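Have a look at the structure below, then the notes.
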Amino acid sequence: MNTPIVETATIELKKVKKLAEKAITQLSDEELWVRLDPEANSVAVLMRHMAGNMRSRWTDFRTSDGEKPDRHRDQEFEDTVLSRAELIAEWEDGWQRLFNALDALTDADLQETVHIRQEPHSIIQAIVRQIVHYAGHAYQMLFIAKHLKGDAWQTPSVPRGKSEEYNRQMMTGKRDGR
């Protein structure tokens, strides 16, 4: 049984995942690997980085440091081209590890100490740190995808000029599933 805090964190992380996936699904296999400039990350690289981070942070997170010795962070930023299926499998594995770790928490656990790169954090601090990290990368993905898709971009939120219509739908209980 979760606590309201853990449940809220889980809900918000699921929103972050869904937001990123709204960008990912609009891109072709080739577009996933496009870098906007030589120093930029592609959506695929960001996916691999997030998956690697989640695997490292959330595997045995209460009993081992969040930066696992077998994580090779720098390699997450290399263009190791994978198929879409392989990329999605890494992505889903990372998210599943995160959600499994959160599902095991209770209110009493939130003040326990965990370590990330040997730095102590309460569990709630570690959760908030990761929400911020993952949301930042999700918005990077949205920016890249919007740039690549141009006029074909489908907004994941309320389209420009449609706020009043959206608000009316929300008030009447008739929304479009955003």
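When exposed loop sites are taken as GluC sites (Glu not before Pro) in a DSSP loop with at most 12 other Cβ atoms within 10 Å, the longest stretch of the chain clear of them is 79-178.
Spin-label pair GLN154-MET170: with each label point 7 Å from Cα along the Cα-Cβ axis, the two points sit 2.2 nm from one another.
For the chain, the relative contact order is 32 percent, taking Cα pairs closer than 8 Å that sit 6 or more residues apart in sequence and dividing their mean separation by the residue count. Computed over segment 33-105, relative contact order equals 40 percent, with contacts defined as Cα pairs under 8 Å that lie 6+ residues apart.
With a simple spin-label model that places each label point 7 Å from the Cα along the Cα-to-Cβ direction, the separation between HIS133 and HIS147 comes to 2.3 nm.
Taken along the Cα-to-beta-carbon direction at a fixed 7 Å, the label points for ASN100 and ASP60 span 1.3 nm. Given R₀ = 30 Å, what would the calculated FRET efficiency be for LYS68 paired with SER163, taking r from the Cβ atoms and rounding to 0.05? Taking R0 as 30 Å, the efficiency between LYS68 and SER163 is 0.10. Applied to segment 85-100, the Karplus parametrisation 6.51 cos²θ - 1.76 cosθ + 1.60 on θ = phi - 60° returns per-residue 3J(HN,Hα) values of 4, 5, 5, 5, 4, 4, 4, 5, 4, x, 5, 5, 4, 4, 5, 5 Hz, with x for Gly and Pro. For LYS22, the lysines whose Cα comes closer than 17 Å to its Cα, not counting residues fewer than 8 places off in the same chain, are LYS14, LYS146, LYS149. Carbon-plus-sulfur accessible fraction, segment 104-178 (probe radius 1.4 Å, protein heavy atoms only): 51%.
Share of Cα-Cα pairs in the chain beyond 28 Å, in percent? Before the final figure, lay out each step's value.
Working: 5051 of 15753 pairs.
Value for the chain (Cα pairs over 28 Å): 32 percent.
In this structure the chain gives 58 Å² per residue of accessible area when probed at 1.4 Å with all protein chains present.
The values are calculated or read from the model by the stated rules, or taken from the named source; none is laboratory data. Not measured: the values here are computed from a predicted model. Reconstructed Cβ throughout: ideal geometry from the backbone, glycine too, with neighbour counts over all protein chains shown. SASA here: full protein model, heavy atoms, side chains in, ligands and nucleic acids out. Shrake-Rupley method; radii C 1.70, N 1.55, O 1.52, S 1.80 Å.
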